[in-house]
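Worksheet: the structure to be examined is printed underneath.
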Amino acid sequence: MAGDHVPPVAVARQAEKGLTLREKFKRGGTQIGVARARDLKNRTHLSPDTIKRMSSYFSRHKVDKRAKNFGDDDNPSAGYIAWLLWGGDAGRDWVEKQKEKLET
């Protein structure tokens, strides 16, 4: 079961994109978000606690998707960059499936 919490390639790509945009635009995310993005990008095995923290992040930050420039790669909102650091929509969908497995 150890391999269950390894982020899929789609999640790793979103995190890598977030790191690239953060570097380019000098905004978005916290040091924790950057650390999470590095783990996701490297497809590091995540602990159950990390899965739960990711789920909480997405629950709290779904409102960021309403911001102007969310999803704009040419002038991204800080919230969009942060969302990508946590794996983007692919990360949200994956982490919810992982969380369901933990609860069964």
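We did not get these values from a lab; they are worked out from the coordinates using the rules stated. All figures in this text were calculated on a predicted structure; none of them were measured in a lab. Cβ coordinates were reconstructed from backbone atoms using ideal geometry, including for glycine residues, and neighbour counts include every protein chain displayed.
Counted residue by residue at 0.36 nm each, then reduced by the alpha carbon distance between them, the extension gain from Glu96 to Ala35 reaches 20.0 nm. Residues whose amide H falls under 5 Å from that of Arg43, counting only those 5 or more places apart or on a different chain, are absent, with hydrogens built in the peptide plane.
Other residues with beta-carbon under 13 Å from the beta-carbon of Tyr80 carry, at +1 per Lys or Arg and -1 per Asp or Glu, a net charge of +3. Can you tell me the orientation of helix 31-41 relative to the chain, as the angle in degrees between its alpha-carbon axis and the longest Cα principal axis, to the nearest 10? It is inclined by approximately 60 degrees. Residue pairs exceeding 20 angstrom between C-alpha atoms, taken from Lys41/Lys68; Lys65/Lys101; Lys52/Lys97; Lys17/Lys65; Lys24/Lys97: Lys41/Lys68; Lys65/Lys101; Lys24/Lys97.
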